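Have a look at the structure below before the remarks.
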Amino acid sequence: MALQVTLSGPFFISSCSAHRFNPLLFSQRRRCFPFSHWRFTRIKPRFFAVAASENGAFTSPEIAKSFDFSSEERIYKWWESQGYFKPNFERGSDPFVIPMPPPNVTGSLHMGHAMFVTLEDIMVRYNRMKGRPTLWLPGTDHAGIATQLVVEKMLASEGIKRTELGREEFIKRVWEWKEKYGGTITNQIKRLGASCDWTRERFTLDEQLSRAVIEAFIRLHEKGLIYQGSYLVNWSPNLQTAVSDLEVEYSEEPGFLYHIKYRVAGGSRNDFLTVATTRPETLFGDVAIAVHPKDERYSMYIGRMAIVPMTYGRHVPIISDRHVDKDFGTGVLKISPGHDHNDYFLARKLGLPILNVMNKDGTLNEVAGLYCGMDRFEARKQLWSELEETGLAVKKEPHTLRVPRSQRGGEVIEPLVSKQWFVTMEPLAEKALHAVEKGELTILPERFEKIYNHWLSNIKDWCISRQLWWGHRIPVWYIEGKKCEEDYIVARNADEALEKAHKKYGKDVIIYQDPDVLDTWFSSALWPFSTLGWPDVSSEDFKKFYPATVLETGHDILFFWVARMVMMGIEFTGTVPFSYVYLHGLIRDSQGRKMSKTLGNVVDPLDTIKDYGTDALRFTLALGTAGQDLNLSTERLTANKAFTNKLWNAGKFVLQNLPSQADTYAWETMLACKFDREEALLKLPLPECWVVSKLHILIDTVTASYDKFFFGDVGREIYDFFWSDFADWYIEASKARLYHSGGNSAAPLAQAVLLYVFENVLKLLHPFMPFVTEELWQALPKRKGALIVSPWPQISLPQNANSIKKFENFQALTRAIRNARAEYSVEPAKRISASIVASEDVIQYISKEKEVLALLSRLDLENVHFTDSPPGDANQSVHLVASEGLEAYLPLADMVDISAELDRLSKRLSKMQTEYEGLVDRLNSPKFIEKAPEDVVCGVREKAAEAEEKINLTKNRLSFLRSSVSASQ
């Protein structure tokens, strides 16, 4: 009898393929047999290191066993020296433009930078190869707070305070620091392969960009959209400046909820309301006590007055408001509008006064009475102690606080009323909303459109002034002796301001400039057009490259930067500054945790590049999904480093098997093979027709995915094709052509296909993995240009679905034979016989590839037979069903020593029976069932079921072997 094996499911595993698990792709690949025992006449290897010999910038696989990461910087400098990063209008006129999100000049490379550089460089390299003039405009941000902090710390180490130097000398020191250290982040970004036009690099404090900032301020002020006023802002006591919402990070920290008695004026000792607060020191700024109108506990007190503790009897009204949460704390809310954002808006709605009890350094002011001059946290401790002494303290209970901290200094941020400059945002936001509604701006992924719309629909005015010295000085001058709020002059420079002052106030007037600087985000909001020459709209760069094509950045700054750029772009140029916004997610560690120094899980991109190479890092980062966070692990990096090596080895194989460049006839024959016409494709043998068709499908699919910004799909599609189809199947199949003992008549065609497929894979993969692909491209013969500027592969090339289906049948047969070899532990070097049974049409195309089948399946070429019916020794063969209408019979005697195998399986069966009986005994024991945990009992049941299945399989195998022995006798 024949043992039938059906390959309809995933149970059988290829004997020639160790499972190569790529944790990034979650797919299986197969490695094939070594071919050292096959009788081939090997073509003499020919190596080509064309570019290496010509310019010394590249290394060929002839020289190096694997791709050398140290060559990446050399390749990068060569690209830059050739001018490849600059826009080139020779092949097209529709430019592709990306303004780089300017990293802080104080910055050092982290994975967030690596992510945006990778994705933007992919877009730029793809569109450059498509023939579009590409401009990726780089630059850095002056980073007001961060840079001032860095320089102040440097001065402190020398025993110098900023105030001792004075403003001019301090700014001079900051510029000196910037010139010395400010290029660090730029050089690190280059290390990632960023193909930016560095000749256009910008800095937000450059003269041209500063001119744009002042012009923007003046125009907004002239339209009445900039105003000055005292409002509640986020205040940094240590830095002595307002900070933006983006620069405030909230952390969950242990603290306390303080319960305090507020006596009702005119009431008895039992008439009081208990307020629960996390910041008792702010009670000096209370202007009202609020309860919910339907809270029966306090309804009798509404309209009366409460006495604020420790204020010598100051009274505040008890009011009702539906926004009070009855279930939080005691249901009584103290309103301190000078020190809480929610209280501030409630007070403005109700017309309540604003009372500030804090100085700008975080100490309490004279409103706090005896606590005046005390630090806010010391005052909290002292106040609670005295409340306990006076009997006004009810209790203090542990409570988790949501603490606002400065992103830069780490200190607790204080909501504080301060005089600042603001931009009225509502009319600007309305235009930005319409841009998305009308389809002028597309946000990717689409789900962020809702967040964008929500934020712009509920926008607040923007505090744009900062109490710093480093930054764009606010272009406002005041008149000495007059009130700042009423008399000021907005001008482009001091001379213009003085001229205006003379006209308005006379020649003897003395003016002085506002000491504040503008929020860093104000200059960043102008980045897409200020970098191109605006407000000079006649500048060549502005005319050619504005508006930009894509703005790519992290989803976390969609509101604070992207939306502001849209608003400012429409306001100042009348046009949306870019057509697409592509948002990437955060990079987390392998466990999905945010990277932080506290957790010790920060991954340094530069260290990663040293260990895995830039290409592997970029490929790993690019395989994420737009807008979703990506978990980065060493397993993913290791898998993609292996991918780099696989590319290198494939390139080595292709180079080794090409004719010598001196062999003109061989090259003419090979290059005469064309694959861009259907009639030429149909003339190809099955493996060649299959791989070329699959390549053409890949080009179409990948190009469409690139155009849709589906970069994760692009990476996976190329990876699957290259490793599985090309490397594991076609390269191995081509060896039957290249090393055939009967001559090399098929070699030129195989060489042509190898070169054609490999060079197209390099093109498709170049935007992801620029270094290794360029190195391999330069090693290929007959290449005059660089890969970075080579034309993108042509789409809509011919594909033959019938050949793909036929080769899939061929693959199924090969896998079936490989699996049977693995199942019977056949030695890899041993060749076995086979009878292939199929219909006439199937036999026709498979028999033509008899040598390839024998090579890939380790069959004895002389004993491979094709027939339409089972062979005479079918009862003594392993029967394989590869697919419907395609079967194989492998003589058992070729595969195993039957008597030895019977002996081995009998011993194995006996051992399995013993183990199985032990498991059954445990399950039959009432004590075990009653006392053992449920999961342990379930585990034993599973083991018993698995053991029973193995026993049945082994019995079937023994039965088959014994019947084979009987049949042969």
DSSP-assigned coil residues among trypsin sites (Lys or Arg not before Pro) in region 593-673, each with at most 15 further Cβ atoms within 10 Å: Arg593, Lys597
Specify which residue in the list Leu880, Pro891, Phe960 is farthest towards the positive end of the charge dipole of region 862-969, using unit charges on the beta carbon of Lys, Arg (+1) and Asp, Glu (-1), about the Cα centre. Phe960
For Ser230 and Ser157 in the same chain, what is the full-extension length gain: residue separation times 0.36 nm, less their Cα-Cα distance, in nm? 22.7 nm
Once you order the gyration tensor axes a ≥ b ≥ c over the Cα atoms, which shape class does region 780-830 get: rounded for a/c under 1.5, otherwise prolate or oblate by comparing a/b with b/c? oblate
Where nothing but the Cβ of Lys and Arg (+1) and of Asp and Glu (-1) is charged, how large is the charge dipole of the chain around its Cα centre, in debye to the nearest 20? 960 debye
How much accessible area per residue does region 633-799 have, in Å², with a 1.4 Å probe? 32 Å²
Using the Cα gyration tensor of region 295-344, with a ≥ b ≥ c the square roots of its eigenvalues, what is the shape: rounded (a/c below 1.5), prolate (a/b larger than b/c) or oblate (neither)? oblate
Between Ser539 and Lys500, what is the FRET efficiency for a Förster distance of 41 Å, r being their Cβ-Cβ separation, to the nearest 0.05? 0.90
Cα→Cβ-extended label distance, 7 Å offset, between Gln844 and Lys483, nm: 10.0 nm
Counting pairs on different chains as well as pairs 8 or more places apart, how many Lys pairs in region 622-750 have Cα atoms under 24 Å apart? 13
Mind checking which aspartates and glutamates have their C-alpha under 15 Å from Lys907, skipping anything on the same chain fewer than 8 residues away? Glu915
Among rounded, prolate and oblate, which fits region 431-486 when a ≥ b ≥ c are the square roots of the eigenvalues of its C-alpha gyration tensor, a/c under 1.5 means rounded, and a/b larger than b/c means prolate? prolate
Cβ-placed point charges (K, R +1; D, E -1), dipole of region 236-416 about Cα centre in debye, nearest 20: 600 debye
Quantify, in whole percent, the carbon and sulfur part of the accessible surface of region 805-896 (1.4 Å probe; protein heavy atoms only). 42 percent
Around Lys294: net Lys/Arg minus Asp/Glu count, Cβ-Cβ under 13 Å: -2
Filtered trypsin sites (Lys or Arg not before Pro), region 137-218: DSSP coil and at most 11 other beta carbons within 10 Å: Lys161
For Asp245, the accessible surface traced by a 1.4 Å probe with all protein chains present amounts, in square angstrom to the nearest 10, to 100 Å²
So how many Å³ per residue does the convex hull of the Cα atoms of the chain work out to? 247 Å³
If I model a spin label at Phe377 and Lys683 as a point 7 Å from the Cα along the Cα→Cβ vector, what separation in nanometres do I get? 8.3 nm
Over region 805-896, average the accessible area per residue using a 1.4 Å probe and give it in Å², no decimals. 40 Å²
When the chain is fully extended, how far beyond the present Cα-Cα distance does Ser385 get from Asp94, taking 0.36 nm per residue of separation? 97.6 nm
Gain upon complete extension [Phe328, Lys610; 0.36 nm per residue less C-alpha separation]: 96.2 nm
Excluding residues on the same chain fewer than 8 positions from Lys504, give the aspartates and glutamates whose Cα lies under 15 Å from its Cα. Glu480, Glu486, Asp487, Asp495, Glu496
In region 184-244, chymotrypsin sites (Phe, Trp or Tyr not before Pro) in a DSSP loop with at most 15 other beta-carbon atoms within 10 Å: none
How are the Cα pair distances of region 899-967 distributed, in percent, across 5 Å bins from 0? 3, 16, 22, 17, 13, 10, 8, 6, 3, 2, 0
Nearest-0.05 FRET efficiency for Ile804 and Lys674 at R0 = 22 Å, using Cβ-Cβ distance, is 0.65
Using the Cα centre as the reference, give the magnitude of the dipole from point charges on the C-beta atoms of region 709-795 (Lys, Arg: +1; Asp, Glu: -1; all else neutral), rounded to the nearest 20 debye. 420 debye
With every protein chain left in place, what is the accessible area per residue of region 236-416 in square angstrom, probe 1.4 Å? 48 Å²
Specify which residue in the list Ser847, Val403, Gly182 is farthest towards the positive end of the charge dipole of the chain, using unit charges on the beta carbon of Lys, Arg (+1) and Asp, Glu (-1), about the Cα centre. Ser847
For region 255-402, the charge dipole (Cβ of Lys, Arg +1; Cβ of Asp, Glu -1; about the Cα centre) points to a positive end, and the Cα of Ile319, Tyr344, Ile354 closest to that extreme belongs to Ile319
Hey, rough spin-label estimate for Lys395 and Ser869, points 7 angstrom out along Cα→Cβ, what's it come to in nanometres? 9.5 nm
Give me D for region 882-937 in µm² s⁻¹, whole number, from Stokes-Einstein with Rh from the Kirkwood sum over alpha-carbon pairs, 20 °C and 1.002 mPa s. 139 µm²/s
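The values are calculated or read from the model by the stated rules, or taken from the named source; none is laboratory data. No experiment lies behind these values; they were computed from the predicted model shown. Cβ sites come from the backbone with ideal geometry, for glycine too, and all protein chains shown count toward neighbours. Note: accessible area is taken over every heavy atom of the protein model, side chains too, but ligands, DNA and RNA are not part of it. Shrake-Rupley method; radii C 1.70, N 1.55, O 1.52, S 1.80 Å.
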